[in-house]
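The values are calculated or read from the model by the stated rules, or taken from the named source; none is laboratory data. Just so you know, these numbers come straight off a predicted model, no measurement behind them. As a convention, Cβ positions derive from the backbone with ideal geometry for all residues, glycine included, and neighbour counts pool all protein chains shown. Just so you know, the surface numbers come from the protein's heavy atoms only, side chains and all, with ligands and any DNA or RNA stripped out. Shrake-Rupley method; radii C 1.70, N 1.55, O 1.52, S 1.80 Å.
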Amino acid sequence: MDHEEGISGKSQILFALVFTTRYLDLLTSFISLYNTSMKMIYIGCSCATVYLIYMKFRATYDGNHDSFRVEFLVVPVGGLSVLINHDFSPLEILWTFSIYLESVAILPQLFMISKTGEAETITTHYLFCLGLYRALYLFNWIWRYYFEGFFDMIAIVAGVVQTVLYCDFFYLYVTKVLKGKKLSLPA
């Protein structure tokens with residue numbers, strides 16, 4: 001094990017791209033003050049996180065271990081969002097892009113942890129919360145289907161993909177971190 005790692009700047013860039021492309025409807029429609037505020041908070045916080053990683057705390061960021069090639073995610077996701085979407089319009093394609101990209105945006109973080117072999121405790125708690133957030137969406141879709149008749153295959157498939165990506169991490173988190181042991185991944 002080389003040393004412990006923190007947050008992947010590349011994953012955070014992908015999350016900023018996710019929220020920016022998902023909430024471009026801010027420019028075309030108004031739903032409510034709450035909805036608009038939350039969308040702006042998501043975009044602002046994700047962009048602020050990228051700024052903090054790459055500018056303010058640049059000296060603490062180790063780009064050598066954050067080496068995942070994000071173009072291997074962005075390009076296929078872009079192509080898939082053009083091919084499979086609900087309505088072939090620019091905003092809908094960008095929304096679909098954001099859904100697909102969110103499902104794999106955590107891969108640079110997981111790659112960085114597997115490359116170094118260990119992660120800081122705060123990083124593991126952060127990843128667990130991200131994965132739990134996505135897993136809870138599965139229950140949201142079940143609820144909405146049974147009580148509202150709403151069913152969005154694109155969001156459901158992307159959510160299942162994202163939850164599956166977290167499964168190995170969840171297992172390690174529960175068996176090690178919650179028992180007070182340091183998360184270390186097999187090489």
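Can you tell me which residues in the range 73-86 are of a type outside the set (A, V, I, L, M) and free of Cβ contacts under 8 Å to residues at least 60 places away in the same chain?
Looking only at the range 73-86, we keep the residues that are of a type outside the set (A, V, I, L, M), and these are 76, 78-79, 81, 85-86.
Of everything in the range 73-86, those that are of a type outside the set (A, V, I, L, M) and free of Cβ contacts under 8 Å to residues at least 60 places away in the same chain turn out to be P76, G78, G79, S81.
Being part of a helix (DSSP H, G or I) and without any contact (Cβ under 8 Å) to a residue 24 or more places away in the chain is the filter here; which residues of the range 53-72 pass it?
Within the range 53-72, the subset part of a helix (DSSP H, G or I) is 53-56, 58-60, 71-72.
Once the filter is applied, which keeps residues that are part of a helix (DSSP H, G or I) and without any contact (Cβ under 8 Å) to a residue 24 or more places away in the chain, the range 53-72 yields M55, K56, R58, A59, E71, F72.
Kindly provide the set of residues from the range 56-81 that are open to solvent by 90 Å² or more (accessible area, probe 1.4 Å) and modelled with pLDDT of 95 or more, ordered by number. It would help to see each step written out before you state the result.
Start the filter on the range 56-81 by keeping residues that are open to solvent by 90 Å² or more (accessible area, probe 1.4 Å), which leaves 56-60, 64, 69, 72, 75.
R69, F72, V75, listed by residue number.
For L94, state whether it is closer than 11 Å to S11 by Cβ, open to solvent by 20 Å² or more (accessible area, probe 1.4 Å) and either out of contact with any Gly (no Cβ under 7 Å at 6 or more places or on another chain) or polar (S, T, N, Q) (or both).
On the way: closer than 11 Å to S11 by Cβ: no; open to solvent by 20 Å² or more (accessible area, probe 1.4 Å): yes; either out of contact with any Gly (no Cβ under 7 Å at 6 or more places or on another chain) or polar (S, T, N, Q) (or both): yes.
No, not satisfied.
Can you find a residue that is under 15 Å from K10 (Cβ atoms), open to solvent by less than 70 Å² (accessible area, probe 1.4 Å) and of a type in the set (D, E, K, R) anywhere in the range 113-132?
no
Scanning the range 1-52 for residues that are open to solvent by 50 Å² or more (accessible area, probe 1.4 Å), assigned to a loop (DSSP other than H, G, I, E, B) and free of Cβ contacts under 8 Å to residues at least 12 places away in the same chain, which turns out nearest to W95 (Cα to Cα)?
Result: S29.
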